[in-house]
Amino acid sequence: MSMGSQAQAASYGTPSLTLSASYLSGAVGASGDPVVNVTVAQSGADAGALTVTVTRSSKTSVATATDASVTGTGATRQVDVAARGRGYADLTVQVTGVDGQTATKTLHYAASAAVQRSADSRYLTGSSDASAAVDVGGGYAVVADDESNTLRLYDRSASGAPVRTWDFSSRIGVSKEIDIEGAARVGDTIYWTGSLGNNKDGEYKSARNTVFTTKVTGSGASTTLAYGNSYAKLRDNLVAWDKANGNRYGFAAGTAAGQIPKQIDGFNVEGLEFAPGSTTTAYLGFRAPLAPAVPGGKALLVPVTNFDKMVASGASAVFGTPIELDLGGLSVRDIRKNAANQYLIVAGSWAADDNSDPYALYSWDGDPAHAPVKRLDLPTSDPGGWESVVDVPDLSVPGARAQLITDDGSADLYGDGVEAKDLTHPEWKKSRATWFTVTG
């Protein structure tokens, strides 16, 4: 090297790069997978003159270096990976300075298998156990998790991490998971309910007997939530009510010590929505029991006629006439309505390990005397179980679409035998949101 070249090389510092996340999840054949931002710099150099490349992959059957594309200019670039196979690969991201000096970082990449309807699917990362969702306008939704008490705000149109998160455990006064399974919005208030049942080992956990509210301010990406009130006796009220009415649904037995909640005669709430035209009466949708508790039974909705006062002031729940719906032997996994009182019901099995069991989407008009109408069978070959419908379109319009979300917590996303809920890195945890055409 000449003296002039040495002087030029000495005038620049070693280039640097920073990844916005060290762990990234994608899916084979997916549209709109998450990207990682790469921030680069070199002392004495224009950042736009630096070159960013992906130079190697530890497992080319998952993704090669050329499957990673780098876009953007200036100090911030984006790395997007098009997966070719399921599994894990470490990708080496390199920045090359204007003088040829380099620096590298490792991006730990994980790819899940190809799924049906991938062009209509997005992945909500940071959690794998999506259990309830509420639209907050502007293309965003708040999504609950049944393995934690964290509420997450997501862009419904894009794969990626939540925009904001909230955990109101300390305000509610719980230290364990509420097992949030249902949600419903009235005005600027969102009601959230735990499953109210025992845990998977048949043990009573008081945190699960929780209903709470959050107040919504703003909309879209600017949405904020504030804690409202909570109620911790709904399960007790339900058991007492059923006893007083001849134990028709077996709530006392379903909540007994040692009773597993996800049995046909168990006790587990997974749906919450208000009655037609009401801001006070809410329907509790049961995953278990079926009514009556025999194979081929009907799904159960129990109206709580003072749901607003119950949470706001601690008044004991008052119940209306229960509603039994024919969902083809399936139970309620979610229920949601629109302003026109058109309902969609996600129907699925009462069983605990039901990822391959049937799922279907039904419409209903909210009238107990009227039967739900099956709109479509939902895919069962994909990981996870269908748990949430974000909002309900106008069901009188042909081609109307609704977005549903899976709970992938028990799914082996990456082919290594590890359930998604047990993955070490939150960025690899994810649930899938898919748009379905529900009117033809």
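The values are calculated or read from the model by the stated rules, or taken from the named source; none is laboratory data. Because the structure is predicted, anything quoted here is derived from the model rather than measured. Neighbour counts run over all protein chains shown; Cβ positions are idealised from the backbone, glycine included. Side chains included, ligands, DNA and RNA excluded: accessible areas come from the protein's heavy atoms. Shrake-Rupley method; radii C 1.70, N 1.55, O 1.52, S 1.80 Å.
Some points to look at:
- Residue check for Thr92: in contact (Cβ under 8 Å) with a residue 60 or more places away in the chain and more than 28 Å from the chain's Cα centre (by Cα): no
- Inter-residue pairs, beta-carbon under 6 Å, first within 21 Å of Trp428 (Cβ to Cβ) and at pLDDT 95 or above and in the range 65-89, second part of a loop (DSSP other than H, G, I, E, B) and of a type in the set (S, T, N, Q), 6+ apart: Gly85/Ser61; Ala89/Ser58
- Once the range 396-415 is narrowed to residues that are touching a helix residue (DSSP H, G or I) at 6+ places or on another chain (Cβ under 8 Å) and farther than 25 Å from Leu153 by Cβ, the residue that is surrounded by the most Cβ atoms within 10 Å (Cβ to Cβ) is Tyr414.
- Leu284 assigned to a strand (DSSP E or B) and farther than 20 Å from Thr305 by Cα: no
- Inside the range 360-374, residues that are out of contact with any Gly (no Cβ under 9 Å at 6 or more places or on another chain) and either within 19 Å of Arg287 (Cβ to Cβ) or not hydroxyl-bearing (Ser, Thr, Tyr) (or both) make up a count of 10.
- Residues of the range 274-324 classified as open to solvent by less than 10 Å² (accessible area, probe 1.4 Å), farther than 23 Å from Gly246 by Cα and of a type outside the set (A, V, I, L, M), total: 2
- Condition check for Gly296 on (1) more than 25 Å from Ala352 (Cα to Cα); (2) at pLDDT below 95; (3) among the small types (Gly, Ala, Ser): one failure, at (1).
- Tyr343 vs. criteria aromatic (Phe, Trp, Tyr), surrounded by 19 or more Cβ atoms within 10 Å (Cβ to Cβ), in contact with a strand residue (DSSP E or B) (Cβ under 7 Å, 6 or more places away or on another chain) and under 30 Å from Gln259 (Cα atoms): no
- Residue within the range 365-387 that is under 25 Å from Gly228 (Cβ atoms) and either among the aliphatic types (A, V, I, L, M) or crowded, with 18+ Cβ neighbours inside 10 Å (or both) present: yes
- So Gly48, is it outside any loop (DSSP other than H, G, I, E, B) and out of contact with any strand residue (DSSP E or B) (no Cβ under 7 Å at 6 or more places or on another chain): yes
- In the range 416-431, the qualifying residues are those that are more than 21 Å from Val36 (Cα to Cα) and loosely packed, with under 13 Cβ neighbours inside 10 Å, and the one that is nearest to the chain's Cα centre (by Cα) is Asp422.
- Matching residues, the range 219-265, being farther than 19 Å from Ala288 by Cβ, touching a residue at least 60 places away in the same chain (Cβ under 8 Å) and either open to solvent by less than 60 Å² (accessible area, probe 1.4 Å) or in a strand (DSSP E or B) (or both): Gly220, Ala221, Thr223, Thr224, Leu225, Gly228, Asn229, Ser230, Tyr231
- Residue under evaluation Tyr359, criteria (1) open to solvent by 50 Å² or more (accessible area, probe 1.4 Å); (2) within 17 Å of Leu330 (Cβ to Cβ); (3) in contact with a Ser or Thr (Cβ under 9 Å, 6 or more places away or on another chain), criterion not met: (1)
- When each of Leu50, Leu19 is tested for being touching a Pro at 6+ places or on another chain (Cβ under 7 Å), at pLDDT 95 or above and hydrophobic (A, V, I, L, M, F, W, C), the lone residue that passes is Leu50.
- Lone qualifier among Ala315, Ala291, Ala275, Ala257 - being of a type in the set (A, V, I, L, M), at pLDDT 95 or above and in contact with a strand residue (DSSP E or B) (Cβ under 8 Å, 6 or more places away or on another chain): Ala275
- Candidates Leu376, Leu404, Leu413 - the one that is modelled with pLDDT of 95 or more and more than 18 Å from the chain's Cα centre (by Cα): Leu376
- Taken over the range 122-156, the residue count meeting the criterion of being without any contact (Cβ under 8 Å) to a residue 60 or more places away in the chain, farther than 19 Å from Ser219 by Cβ and surrounded by 24 or more Cβ atoms within 10 Å (Cβ to Cβ) is 2.
- Counted residues, the range 53-80 - those being part of a loop (DSSP other than H, G, I, E, B) and of a type in the set (A, V, I, L, M, F, W, C): 3
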